[in-house]
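Here the structure comes first, spelled out in C-alpha cells, and everything after it is commentary.
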Amino acid sequence: MRLVKLTLLGLLVMGMACCTRTVDVEDSATPVDDTAGGEDGTVEDDQVAGPDGTEPGPDAVGPDGTVEDDNQVEPGKLKVADLQNRKEGLECPEDSTFINLDAGIKLDGVVVTAPVYAASEKLDGFFVQDVGGGEFSGIKVVVDKGTAPVLQVGDVLNLVGDLKEYYCVTEFDATSVTVTGKTETPAASTVQSTDIAAGEAGSEKWEGVLVEVKDTAVSEVDQYGNIVLEGGAVVADSITDLPAAAAGCTYKSLTGVIDYAFKQYLLLPRTSDDLVTDEAKPCEEPPPAKNSIPDMQQSETSTVCTDQNFLNAGAVELKGVIVLSPKYVVSKDKLYGYWVFDGKGGAWSGLLVTVGWEDTTAFKVGDIIDVAGEWMEYYCLTEVKSTSIEGTGKTFEGAIPISDVTAADLAKDKAEQWEGVLVRIKGVEVTEAPNNYGEFKVTGDVMIQNKFDLTYEAKVGDKLTSVTGVLTYDYGNFKILPRSDEDIEK
C-alpha cells in the first residue's frame, strides 16, 4: 500500500495563528434558573442587566396580553440562519482557504449547544444555534485560546464578532461574549446518516446544528479513530473521546454538532452520553488477530488496491518481528516509523510500522520486537499503526537477508511482493539527478528515495555497484529506500 499524509491540519493551525483578537467576556449575572418562556421558546430572565447597566424591571404585559421578555430577540434582528444561508457559505469553492465576510456582527439570544473545546493550538471553539433550531440554525464560534467564559449547554448568549469562511466552514470569530441567561437544553434535530454524510453537499444545511442519528450501524473505524456509520456519516472526537467500536455494532442514538474539516462533514459528540449503544449489538472492539507479515501482504486487502486514501483492516498483533531499518520520519510532526520483517526474508516478508511523534523508542536494526496496532492500507502501502511496540531484549542472529532484484522485478505490475522487503539492485547508473525531495533515478527507471539523510549526492552518469534499501510505495511509485550511505556501493 502507498503512503501520503494530509497536511491540511498544519495549514489550518498556521492560518489561525495569524488571526488574533481580544475577546470581551461578560457574564451579566450569577446564573439563574431561567426557563424557556411561552410556545415560541424564548428565554425569560428578569435579573439580567440591560445595555445601560441597570436592571430591567418586571416584564410588562403587552397589548395582546402576553408577557414581554427582556431577553427575547426582537423581530428583524439577525439570526444564525441568516449567516448560514449566505451565498459564500453555500457555494464555497473547493480551493477556498480564508474568506472574510462581515465584521462587527451582533447575534443576540443564541443558545450554546456544545461547550468550549480546543478547536486548534491557538483557538477555542463552541457551538451555538437559534432558539428554534432546524436547518441552517447552528454555527461554530471561535475565540483565542483561554479567553472564552465557562459555558454550559443551554446558556443564552449575545455575541459580537466577525463572520468568516475558513476552508469552507462558516465561523463566527467572536470579539465579545455575553452570557445573558439560561434556557432548556435545545432539542437535537433528528436526521439520517445519509443526511450528514461526510462528502455530500446536502449536508451543508446541518453544519453547526445539533443533530441526532437513531438506530444506525458502524461501517468501519478509520485510520484516525473516527467512527464511520453506514450511510456515510463520520463521527469524530474533537470534543470528547470516542469509545471502542467495530464494524457491525449498532447505536440506538448518536447526538452531536456538525463540523466541517478536511473537506468532510463530521458529527462531534459532546460527552459519552451522546453515544447510546444497542445492547443487542454492542460496540466492543474485537480482539486483535495474530497475523503474520506474509499473511497480511499476500491478502486481497493488500494486493487488490486502487490507491484509496486509506483502509482500516482491523487490529493485529505481530510477535517477534525484526527491525529492518533505523527509526525515521514518516510524516513530519506526526509519525515516525520502523521497517520490520518476519525473520525469513524474501517476497512478502516486510512492512512498515508507524509510531506517534511522541514515541521515545530507539530500536536498532536486528532488534526483535512485538507490535500491536491497526492494520492500515494507506494509499496502498501496507502498514501497522502501532498502539503498542515493545522490545523483547533479543536480537536477530546472523546477517539480515537481502533479496536481489532487477529493474523488471520492480515494475509497477510486479513489485508488490517486494514491498517492505530489503532489496538490492546491482550494476546501475544514475540516469536522473535528484529532484526537490532528494530522489534520483537509476538504470531501468528505478527511483531511489532519500529519507535517512544520505550524504551521497547523486550525479547523472555515476556508476553504482549496487543500491540496497527497503522497497516502499509513495505517490504512485515503488521506490528503493537506502537506510544509510553504506547501502549505496560505488
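Confirm whether Leu318 is in the same structural domain as Trp206 (by TED's automatic domain parsing), farther than 18 Å from Tyr379 by Cα and crowded, with 20+ Cβ neighbours inside 10 Å. In short, no.
For region 351-362, the criterion of being in the same structural domain as Cys380 (by TED's automatic domain parsing), without any contact (Cβ under 8 Å) to a residue 24 or more places away in the chain and assigned to a helix (DSSP H, G or I) is satisfied by no residue at all.
Does Pro269 meet the test of being at pLDDT 95 or above and either buried (at least 18 other Cβ atoms within 10 Å of the Cβ) or not assigned by TED's automatic domain parsing to the domain that holds Tyr378 (or both)? So Pro269 passes the test.
Restricting the first residue to region 391-407 and requiring it to be closer than 18 Å to Val470 by Cα, which pairs with a second residue that is of a type in the set (S, T, N, Q) meet a Cβ separation below 7 Å and a spacing of at least six or different chains? Going by the 7 Å Cβ cut-off, the qualifying pairs are Ile402/Thr468; Ala407/Thr443. Among the residues of region 277-288, is any more than 30 Å from Ser137 (Cα to Cα), surrounded by 13 or more Cβ atoms within 10 Å (Cβ to Cβ) and of a type in the set (Gly, Ala, Ser)? Among the residues of region 277-288, not one is more than 30 Å from Ser137 (Cα to Cα), surrounded by 13 or more Cβ atoms within 10 Å (Cβ to Cβ) and of a type in the set (Gly, Ala, Ser), which makes the answer no. Can you work out which of the residues in region 175-224 that are of a type in the set (Asp, Glu) and in a loop (DSSP other than H, G, I, E, B) is nearest to Val150 (Cα to Cα)? Looking at the filtered set, the residue picked out is Glu184.
When region 360-394 is limited to residues that are touching a Lys or Arg at 6+ places or on another chain (Cβ under 8 Å) and more than 30 Å from Glu300 (Cα to Cα), the one that is surrounded by the fewest Cβ atoms within 10 Å (Cβ to Cβ) turns out to be Ala362. Under the condition of being surrounded by 15 or more Cβ atoms within 10 Å (Cβ to Cβ) and either at pLDDT below 95 or of a type in the set (A, V, I, L, M) (or both), the residues counted in region 395-407 number 3.
Could you list all residues from region 422-474 that are more than 17 Å from Glu489 (Cβ to Cβ) and of a type in the set (Val, Ile, Thr)? Within region 422-474, Thr431, Val460, Thr472 qualify. Listed by first and then second residue, the pairs with beta-carbon distance under 6 Å, at least 6 apart or on different chains, first residue in region 261-279 and at positive phi, second outside any strand (DSSP E or B) and modelled with pLDDT under 95, are Phe262/Leu8.
Within region 365-377, residues that are within 26 Å of Cys305 (Cβ to Cβ) reach partners that are buried (at least 20 other Cβ atoms within 10 Å of the Cβ) and charged (D, E, K, R) with beta carbons closer than 6 Å, at six or more positions or on different chains, in the pairs Gly373/Lys385; Glu374/Lys385; Met376/Glu383; Met376/Lys385. Annotation note: of Leu123, Leu210, Leu151, the sole residue that is under 24 Å from Leu78 (Cα atoms), in the same structural domain as Ile99 (by TED's automatic domain parsing) and in contact (Cβ under 8 Å) with a residue 12 or more places away in the chain is Leu151.
Of all residues in region 315-346, those that are in contact with a strand residue (DSSP E or B) (Cβ under 7 Å, 6 or more places away or on another chain) and more than 18 Å from Asp370 (Cβ to Cβ) total 6.
The residue list Thr250, Thr301 contains one member that is assigned by TED's automatic domain parsing to the domain that holds Gly225 and at negative phi, which is Thr250.
Here Gly427 does not fit the description of being of a type in the set (Gly, Ala, Ser) and either in contact with a helix residue (DSSP H, G or I) (Cβ under 7 Å, 6 or more places away or on another chain) or crowded, with 19+ Cβ neighbours inside 10 Å (or both). Provide a single number: the residues in region 308-329 that are modelled with pLDDT under 95 and over 21 Å from Asn291 (Cα atoms). Qualifying residue count for the region: 2. With respect to (1) free of Cβ contacts under 8 Å to residues at least 24 places away in the same chain; (2) farther than 18 Å from Gly346 by Cβ, the lone exception for Lys414 is condition (2).
As an exercise: evaluate Lys385 against (1) under 29 Å from Thr431 (Cβ atoms); (2) in contact (Cβ under 8 Å) with a residue 60 or more places away in the chain and give the number of the one condition it does not meet. So the condition that Lys385 fails would be (1).
Yes/no per residue for (1) more than 25 Å from Glu383 (Cα to Cα); (2) buried (at least 20 other Cβ atoms within 10 Å of the Cβ); (3) in contact with a Leu (Cβ under 7 Å, 6 or more places away or on another chain):
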{"position": "Thr431", "(1), (2), (3)": "yes, no, no"}
{"position": "Tyr437", "(1), (2), (3)": "no, no, no"}
{"position": "Phe440", "(1), (2), (3)": "no, yes, no"}
{"position": "Gly444", "(1), (2), (3)": "yes, no, no"}
{"position": "Ile448", "(1), (2), (3)": "no, yes, no"}
{"position": "Tyr473", "(1), (2), (3)": "no, yes, yes"}
{"position": "Gly476", "(1), (2), (3)": "no, no, no"}
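The residues in region 150-177 that are in contact with an Asp or Glu (Cβ under 6 Å, 6 or more places away or on another chain) and more than 21 Å from Asp82 (Cβ to Cβ) can be counted, and the count is 0. Evaluated against (1) closer than 24 Å to Ile139 by Cα; (2) in contact (Cβ under 8 Å) with a residue 40 or more places away in the chain; (3) small (Gly, Ala, Ser); (4) not assigned by TED's automatic domain parsing to the domain that holds Val112, Ser176 falls short on exactly one condition, (4).
Collect the residues in region 124-157 that are among the small types (Gly, Ala, Ser) and either crowded, with 24+ Cβ neighbours inside 10 Å or part of a strand (DSSP E or B) (or both), keeping them in residue-number order. Result: Gly125, Ser137, Gly138. Given the structure, is Asp413 of a type in the set (D, E, K, R) and either at pLDDT 95 or above or buried (at least 20 other Cβ atoms within 10 Å of the Cβ) (or both)? So Asp413 fails the test. Residue count for region 242-268 under the criterion of being outside any strand (DSSP E or B) and either of a type in the set (A, V, I, L, M) or in contact with an Asp or Glu (Cβ under 8 Å, 6 or more places away or on another chain) (or both): the result is 7.
The values are calculated or read from the model by the stated rules, or taken from the named source; none is laboratory data. Every value quoted in this text rests on a predicted model; they were computed, and no experiment measured them. Positions of Cβ are backbone-derived with ideal geometry, glycine not excepted, and every protein chain shown enters the neighbour counts.
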